[in-house]
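J.: First the structure, then my questions, so here it is.
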Amino acid sequence: MALFNFFSNDVAIDLGTANTLIWVKGKGIVLNEPSIVAFDRSDKHIIAIGHDAQQMIGKTHRDIKIIRPMKDGAIADFEIAEGMLRAFIRKVSMSWQPARRVVVCVPSGITEVEKRAVRDSCEHAGAKEVHLIAEPMASAIGIGLNVHEPVGNMIVDIGGGTTEIAVIALSGIVSDESIKIAGDEMTAAIVNYFRRQHNILIGERTAEQIKCSVGSAVSLKEELEIEVKGRDLLTGVPRMIEVTSADIRGALSESVQEIVNAVLRLLERTPPELAADIYDRGIMLSGGGALLKGLDERIREETKLPVHIAEDPLTAVVRGTGKVLENLSDYRSVLIKSTRY
Ligand code: ADP
Ligand code: MG
């Protein structure tokens, strides 16, 4: 076992705004936890990360703060983000040897300074060699597309903080769009809907559950009814109301439309030869947002193109990043070029 660990401490990381996943070379996915940190307000000492920190949401006292350091597809708090990344890496490094080589997938919209911060965090965690890869590229590889071919593929990755849309060909990103409308925005739209339409305040986790269970982007064959509990904003007392999946669809429609519009904008900017490839091959959806009921159908209707959902969309990115780690020599060309200063 010790010997095995010695050889398998290279890791691939999907540092997502909602979830962090880690792949260990030779083993596959070993960690899949929410990108959440609980820390002491006074000295920024990290108290819990991942699932443990998630359990504490809404139940902390005033000395503890809980944040999602990657919230909007950018690093909201460098120190905490670094602490989280180090803690996750430490959690999977069972041997005394720290991770030697690390491949990290980052949102394509992050700045040079943020890229530097991610590299530094991995180095501080003991990595000798750090490589970065853009999210849509990792997703395409995870889906199993041959990204080296002179053929265009369109990937739409809908995460928590951002929707990243890219056309990939010849190992590179030909064009891309990144918008800050994704899962979080949909969840927030549901919270707003209950506040505005029903004067009820519901928690973020409740809203997320509603989104995942009855949220949709097109009419359902059988519309669903759900009971929702929250705090009445007028009386202050807990109250329960009934709503339908059509109501929730209405709440989500603006976010869904923004994602569709971003896809249409990128299609408009796509060179004709690649557009022809996309016409034949269609659009691939990944990320947790791809699981929203009927989103594939909605994009199909609006683009008139074939739309496919990746197998296990929540792990496509880490599987792609893992594949790059396992076969680094074949994939050097897809990495983000490092800028030294
Ligand atoms: P990130 O890469 O930003 O960490 P993920 O790809 O892990 O994001 O996706 C997380 C998002 O997907 C969250 O906003 C979550 O609510 C959403 N999600 C997960 N399952 C579903 C579902 N069945 N329907 C709609 N949204 C979902
Ligand atoms: Mg992601």
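Residues checked against (1) without any contact (Cβ under 8 Å) to a residue 40 or more places away in the chain; (2) exposed (fewer than 15 other Cβ atoms within 10 Å of the Cβ):
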{"site": "Ile200", "(1), (2)": "no, no"}
{"site": "Gly203", "(1), (2)": "no, yes"}
{"site": "Gly215", "(1), (2)": "no, no"}
{"site": "Ile226", "(1), (2)": "yes, no"}
{"site": "Glu242", "(1), (2)": "yes, yes"}
{"site": "Met284", "(1), (2)": "no, no"}
{"site": "Gly287", "(1), (2)": "no, no"}
{"site": "Gly294", "(1), (2)": "no, no"}
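J.: Right, Glu112: acidic (Asp, Glu), more than 30 Å from Thr206 (Cα to Cα), modelled with pLDDT of 85 or more and away from ligand 1 (no atom under 16 Å from the Cβ) or not?
T.: It is true that Glu112 is acidic (Asp, Glu), more than 30 Å from Thr206 (Cα to Cα), modelled with pLDDT of 85 or more and away from ligand 1 (no atom under 16 Å from the Cβ).
J.: Here's a follow-up. Just to be sure I understand the filter: pairs with C-beta atoms under 8 Å, separated by 6 or more residues or on different chains, first member in the stretch 316-329 and touching a residue at least 40 places away in the same chain (Cβ under 8 Å), second member among the aromatic types (Phe, Trp, Tyr). Which pairs pass?
T.: Here the result reads Val318/Trp23; Arg319/Trp23; Thr321/Trp23; Gly322/Trp23; Lys323/Tyr331; Val324/Tyr331; Leu325/Trp23, each pair linking the stretch 316-329 to a residue that is among the aromatic types (Phe, Trp, Tyr).
J.: Further, regarding this structure: Mind checking which strands (runs of 3 or more DSSP E) fall wholly inside the stretch 214-316 and carry at least 1 residues that are of a type outside the set (Ser, Thr, Tyr) and within 16 Å of ligand 2 (Cβ to nearest atom)?
T.: 283-286, 307-309
Yes/no matrix, rows are residues, columns are (1) over 21 Å from Ala169 (Cα atoms); (2) modelled with pLDDT under 95:
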position	(1), (2)
Arg281	no, no
Gly287	no, no
Thr303	no, no
His308	no, no
Leu314	yes, no
Arg319	no, no
Leu325	no, no
Lys337	no, yes
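J.: Which residues, taken from the stretch 204-228, are basic (Lys, Arg) and within 14 Å of ligand 1 (Cβ to nearest atom)?
T.: Within the stretch 204-228, Arg205, Lys211 meet the criteria.
J.: Also, I was wondering about something else. With Asp330, Asp280, Asp296 as the choices, which residue is within 16 Å of ligand 1 (Cβ to nearest atom) and among the acidic types (Asp, Glu)?
T.: One residue alone meets the criteria, Asp296.
J.: Ok, one more. Only residues in the stretch 14-30 that are more than 17 Å from Ser139 (Cα to Cα) count as the first member; pair them with residues that are in a strand (DSSP E or B) and within 8 Å of ligand 1 (Cβ to nearest atom), Cβ under 8 angstrom, at least 6 apart or cross-chain, and list the lot.
T.: none
J.: Within the stretch 67-76, work out how many residues are without any contact (Cβ under 8 Å) to a residue 40 or more places away in the chain and crowded, with 18+ Cβ neighbours inside 10 Å.
T.: 1
The values are calculated or read from the model by the stated rules, or taken from the named source; none is laboratory data. These numbers come from a predicted model, not from an experiment. Here the Cβ is made from the backbone with ideal geometry for all residues, glycine too, and neighbour counts use every protein chain on show.
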